[in-house]
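Chemist: I have a structure here, written as structure tokens, and I will follow up with some questions on it.
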Amino acid sequence: MSNIATALSGLQNVSLAIDTVSNNIANANTIGYKTGEYVFATQFLNGSNSSDQPATGQGSQSLGVRRSMTQGAITNSANPLDLAISGKGMFRLLQGSGSAESVDPASVYYSRNGQFGVDKNGYIVNENGMYLTGYQPSLNGNEITDDLIKNNGLLRMPDSNLPGNATSNSTLSAMLDSTSTAFTKTANVAFDPTQATYNNKTTQTVFDNSGNSHTLEVYYRRITDSTLSITSGDSGYTYTPSTASSPNTLGTSSVVLNKETVLRVNTSPVASTLSSAASASTSMSFKTAPSNAG
């Protein structure tokens, strides 16, 4: 009967493995679910005498279901309180019986499911009524309160929205083509963002003091074909912005480029003989015209 039992153990474990795959498919849309992998193991007899002949296998057995704790896909949600953890980590939850006073500090649970809402008292809870814990920010948003002792770390939404923080500084980085067409004063082409009256455009999101987002559109428009003189020295390449620039934000101050900078000059090959007193010519004069399209 041993051969029947051996074959039966294989059938039983294959059936359990199929159940594991079926459970993975059933939880394909379960937030925070980690795929299970059924782990097989062989059964064998170990003789007490080393001279004994090796025995045949006794079938297979289960070592359990292994779960991969790798990062899953992060999706968007319409609920502003839905959270996701990028990388390692868990949400820390406490079990209660309907009120914050009934929370047991020892009943700690951990989950990757970040679907949260607010209960009638303003505490952040999951769909099972467990309370999310953490560090509570102050109303002005400048401090973090460590109340893990006095309030068990329960997170509570404020009665009113936190004040918005308007954007005060914005940094843009752009590469502009020095060979693009110039909109000179003699051409008399007025700037119009709805027409092809600029060379380049970039956008950035900024916020007002109410927390509302706006799109800042910045237009780059080449306005002059005057020659720009670049001088090579020990500290790098130096040039002075053209006084014809409008607006001339850099005035008459010199600009120094890193000496490792690679220059491309679209004229005669003067750049190949640059020295401390040599110069190369190209046209790189631009101005910006910001526009709030929020």
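Chemist: If you check residue 203 against the conditions, is it within 30 Å of residue 165 (Cβ to Cβ), of a type in the set (S, T, N, Q) and modelled with pLDDT under 70?
Modeler: Against the criterion (within 30 Å of residue 165 (Cβ to Cβ), of a type in the set (S, T, N, Q) and modelled with pLDDT under 70), residue 203 does not qualify.
Chemist: Now a separate question. Considering each of 123, 135 in turn, give the residue that is aromatic (Phe, Trp, Tyr) and either modelled with pLDDT under 85 or more than 29 Å from the chain's Cα centre (by Cα) (or both).
Modeler: Just a single option satisfies the conditions, and that option is 135.
Chemist: Looking only at region 25-34, how many residues end up being over 18 Å from residue 111 (Cβ atoms) and surrounded by 10 or more Cβ atoms within 10 Å (Cβ to Cβ)?
Modeler: 1
Conditions tested, residue by residue: (1) exposed (fewer than 13 other Cβ atoms within 10 Å of the Cβ); (2) over 30 Å from residue 117 (Cβ atoms); (3) charged (D, E, K, R); (4) at pLDDT below 85.
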site	(1), (2), (3), (4)
2	yes, yes, no, yes
6	no, yes, no, yes
18	yes, yes, no, no
21	no, yes, no, no
47	yes, yes, no, yes
50	yes, yes, no, yes
54	yes, yes, no, yes
71	yes, no, no, yes
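Chemist: Further question on the same structure: Looking only at region 81-135, how many residues end up being not in a strand (DSSP E or B) and not polar (S, T, N, Q)?
Modeler: Restricting attention to region 81-135, the residues satisfying the condition of being not in a strand (DSSP E or B) are 81-90, 95-107, 112-115, 119-122, 127-130, 134-135.
Still in the list and also not polar (S, T, N, Q): 81-85, 87-90, 96, 98, 100-101, 103-106, 112, 114, 119-120, 122, 127, 129-130, 134-135.
Residues meeting the conditions: 27.
Chemist: Pairs needed: first member in region 112-139, over 22 Å from residue 72 (Cα atoms); second member anywhere, of a type in the set (Lys, Arg) and surrounded by fewer than 18 Cβ atoms within 10 Å (Cβ to Cβ); C-beta distance under 6 Å; at least 6 residues apart or different chains.
Modeler: 122/156; 123/156; 133/92
Chemist: Of (1) at pLDDT 80 or above; (2) in contact with a Leu (Cβ under 6 Å, 6 or more places away or on another chain), residue 216 satisfies all except one. Which?
Modeler: (2)
Chemist: Something else: Can you say whether residue 59 is modelled with pLDDT of 80 or more, at positive phi and not basic (Lys, Arg), as far as the supplied structure shows? Explain how you work it out, then say what you get.
Modeler: Values: modelled with pLDDT of 80 or more: yes; at positive phi: yes; not basic (Lys, Arg): yes.
Yes: the conditions hold for residue 59.
The values are calculated or read from the model by the stated rules, or taken from the named source; none is laboratory data. All values reported here derive from a predicted model rather than from experimental measurement. In this analysis, Cβ positions are derived from the backbone assuming ideal geometry, glycine residues included, and neighbour counts consider all displayed protein chains.
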